[in-house]
1. Only residues that are among the polar types (S, T, N, Q) and not in a helix (DSSP H, G or I): list them for the stretch 18-63, please.
2. So for the stretch 28-41 (the condition being aliphatic (A, V, I, L, M) and within 13 Å of Thr10 (Cα to Cα)), does at least one residue qualify?
3. Of the residues in the stretch 1-30, how many are at pLDDT 90 or above and more than 16 Å from Thr50 (Cα to Cα)?
Amino acid sequence: MDAIEMLMSTPSDLENINLQHAHEVRYWTGLFDVSEVQLVVAVRAVGTATARVRDYLLQNAIHHP
């Protein structure tokens, strides 16, 4: 995802990850460089709070192959 695409798809709530909106899932997977499955796993593990998801992904060294 390039910078313009990311700006256009920026979620209205940057504090929480909403997996129900495809454009938000694309935004977060691009920002965190993870797959959709990895993002879903992280959200299920720690909830929707962006900071907690980020920390989970960093602690578990999950990056898109």
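The values are calculated or read from the model by the stated rules, or taken from the named source; none is laboratory data. Bear in mind the structure is a predicted one, so any value in this text is a computation, not a measurement.
1. To start, the set of residues in the stretch 18-63 that are among the polar types (S, T, N, Q) comprises 18, 20, 29, 35, 38, 48, 50, 59-60.
Hits for the stretch 18-63 are Asn18, Gln20, Ser35, Thr48, Asn60.
2. Quick first cut of the stretch 28-41, residues aliphatic (A, V, I, L, M) only: 31, 34, 37, 39-41.
Cutting the leftovers down to within 13 Å of Thr10 (Cα to Cα) gives us 31.
Yes.
3. The number of residues fulfilling the criteria is 1.
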